């Protein structure tokens with residue numbers, strides 16, 4: 001982290017992100033965090049995001065199309081994700097699909113949220129509300 005003109009800057013993969021922009025978005029709604037996890041490693045379209053979240057949570061979280069697309073719209077406006085023009089091979093794709101990619105800000109926010117959740121679990125363990133050692 002560096003400080004440029006009084007603004008804390010965090011660098012992720014060579015991109016500079018204003019720490020204030022990151023902190024302003026926390027805590028994340030659960031759907032937002034799960035969508036960021038789904039697009040962290042590869043671009044995905046909406047239905048693939050829904051499938052990834054359901055698989056990763058063993059079916060405990062199933063995003064509805066309405067929740068997904070409202071969240072995606074908000075995340076696009078916040079700069080957490082972008083719609084990408086790159087597409088898979090035409091035989092593997094449906095031209096109506098829109099693909100989404102995480103941005104450097106989205107990566108910074110997801111990491112900050114993971115740290116926040118880790119601290120929360122640590123506090124819960126200290127009070128005996130979660131298994132494991134504090």
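With both labels modelled 7 Å from their Cα along Cα-to-Cβ, the residue 16 to residue 54 distance reads 4.4 nm. Placing a label point 7 Å from the Cα of residue 84 along the Cα-to-Cβ direction, the residues of the stretch 32-47 whose backbone N falls under 11 Å of that point are 39-45.
Here, each number is a calculation from the coordinates, and none is a lab measurement. Quick caveat: nothing in here was measured; it's all calculated off a predicted structure. Every residue, glycine as well, gets a Cβ built from its backbone with ideal geometry; the counts of neighbours run over all protein chains shown.
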